[in-house]
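Peer 1: If you scroll down you'll find the structure; I have some questions about it.
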Amino acid sequence: MESIFRKPNTKTEKKSEEIAFPNGEEAVRLFEKEYPGNPEQVKKAKEIFETFFRQEMSNITIYKSKEGIEYPYTNINIANLAKELYEKYSGKTLRGNLEKNTEQPSIKREFVLESFLTTTNGSPFTFCEEAMHQAVMNLPRALENLKNDIEPENVEVYTLGSPTNLLGKMTPKFYEDLKDNPFKKLGEIYAELIKEKTGNINNDSNAKTFVELYGISMGAGLAAMTGEKLLEDEKFTQEKQPNDTKNKKIEINIRAVLPVTLSRSTIKQIQIPVGFLYDSIKGLLNNSYVRKIGGGESNFIKSVNAELAKRDIRENMDKEQKEMKEKSMSRLILALGKGLTLKPETKVDEIYGLKDSTTITPSLKKDAREQKEKHPDTLGSIIIPGKREGSRTFVTNATHAEIPAANFNRQSEQRRIKVAVEKLKELKK
């Protein structure tokens, strides 16, 4: 498959170096494997991820906190993604005054919190599978709305990088502050960005505003601490808001996926590193998607950062920065083993993998088995009793190398791509 990022040519500039987007390329390869013999379908699937990647690339920027800490992030606006694809496949130019969607209108902002064990991690594309998943899932409805001259639902997904990333910036004070409670301190700078991105949302009496904090692995703890910081502000709540009241608060949902810091394990300091190593090796051996992404990450990030340097977004790795970043990651890894104690009132959806070697415990297995026996073939079979008052606990058949829901090895995710592809097919010029 060809590389799927290109900078448009002009008569005066040379073609930019192409960037291979391994996440998109592997998703399309798996789609072709699931639905063979239809090159037109594959072409449209590829176009979805090409457009997704171009828009995410163009939206990469550096967030600068009030304390001088910097980290990279990007976002995808599903409506903008749908509009570009709609115009290409329909041959029509969208008019500027699309009708407002009056059917339970809502504004959704999802923020993906990451893991970062190296300075290459914590980039705008670490765990971009969740943004890809949301794009594919929401695209068919957005295209249908555009077909009917209706503005698509207001959905955006932000993927937040880390100050320890190659593009990030630490300060000596922030570095020292990370010694005591690194998850809390990082949660503060992420909350600062989220407040900025939600502060100017129009408080329409007909629309409800939702913020989802989606954290994976280490990022699950970051999502929880970011949520607690946001909830100190009266503009945010975890209580459901009425549909017909002005000045509604912003509803927050915290989704902690494969949450190592919140697990029941009493031997986290040993189980997390051993389990992570075991599941990583198993993933590389048995999971083609994990193998493709893991193997291509270094070259991918190198190509992305070279392109970003042309926009004056440069790596920040002098001797002082390198030392602070590497030592800070060591502190974070040590903090994983200590776990997190959340406020009793903080509500978190915790999703555990029954094959996740970093968090599995005998009691988790026992509760999952009993629920399956009590509620076979129903949603109740995956919801088990939580150990914390504020949590809902779910189980899924996943290792630590797999992301529940946003897993392109699964048939369910390939079916979502197919639905989006078929919706594009309907937009004949």
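Peer 1: Take every Cα pair under 8 Å in region 125-213 that's 6+ residues apart, average their separations, divide by the length, and report that relative contact order as a whole percent. Kindly include the intermediate steps, with their values, before the conclusion.
Peer 2: On the way: 25 pairs, mean separation 16.6, N = 89.
Once divided by the residue count of region 125-213, the mean separation gives 19 percent.
Peer 1: Sorted by accessible area (1.4 Å probe), largest first, how do 416, 392 line up?
Peer 2: 392, 416
Peer 1: Moving on to the next point. How would you classify region 129-209 from its alpha-carbon gyration tensor, with a ≥ b ≥ c the square roots of the eigenvalues: rounded for a/c under 1.5, else prolate if a/b is greater than b/c, otherwise oblate?
Peer 2: prolate
Peer 1: By what distance, in whole Å, do the Cα atoms of region 81-226 stretch along each of the three principal axes, largest value first?
Peer 2: Largest first, region 81-226 extends 54, 33, 23 Å along its Cα principal axes.
Peer 1: Still on this structure: Skip the ligands, DNA and RNA, and give the accessible area per residue of the chain with a 1.4 Å probe, whole Å².
Peer 2: Solvent-accessible surface per residue comes out at 48 Å².
Peer 1: While we're looking at this one, here's another question. Show the residues, 5+ positions off or on another chain, whose built amide H is closer than 5 Å to the amide H of residue 113.
Peer 2: It is 214, 215, 216, by chain and number.
Peer 1: Where Rh denotes the Kirkwood radius from the mean inverse Cα pair distance, what is Rg over Rh for region 253-392?
Peer 2: When Rh is taken as the Kirkwood radius, the ratio is 1.06.
Peer 1: Kirkwood hydrodynamic radius (Cα pairs, Å) of region 245-316?
Peer 2: Mean inverse Cα-Cα distance, inverted, gives 16.5 Å.
Peer 1: Moving to a separate point now. How would you classify region 286-345 from its alpha-carbon gyration tensor, with a ≥ b ≥ c the square roots of the eigenvalues: rounded for a/c under 1.5, else prolate if a/b is greater than b/c, otherwise oblate?
Peer 2: oblate
Peer 1: Peptides 138-151, 252-265: what's the order by average Cβ count within 10 Å, highest mean first?
Peer 2: 252-265, 138-151
Peer 1: Across region 256-345, how many lysine pairs, 8 or more apart or on two chains, come within less than 22 Å at their alpha-carbon atoms?
Peer 2: The result is 13.
Peer 1: With N residues in the chain, what two-decimal value do you get for its Cα radius of gyration over 2.2 N^0.38 Å?
Peer 2: It is 0.98.
Peer 1: Please list, or write none, the aspartates and glutamates whose alpha carbon is within less than 13 Å of the alpha carbon of residue 235, excluding same-chain residues fewer than 8 places away.
Peer 2: 196, 251
The values are calculated or read from the model by the stated rules, or taken from the named source; none is laboratory data. Remember, predicted model here, so these are calculated numbers, not experimental data. FYI the Cβ positions are ideal-geometry reconstructions off the backbone, even for glycines, and counts take in every protein chain you see. For the accessible areas, the whole protein counts, side chains as well, though only heavy atoms, and no ligand, DNA or RNA atoms are used. Shrake-Rupley method; radii C 1.70, N 1.55, O 1.52, S 1.80 Å.
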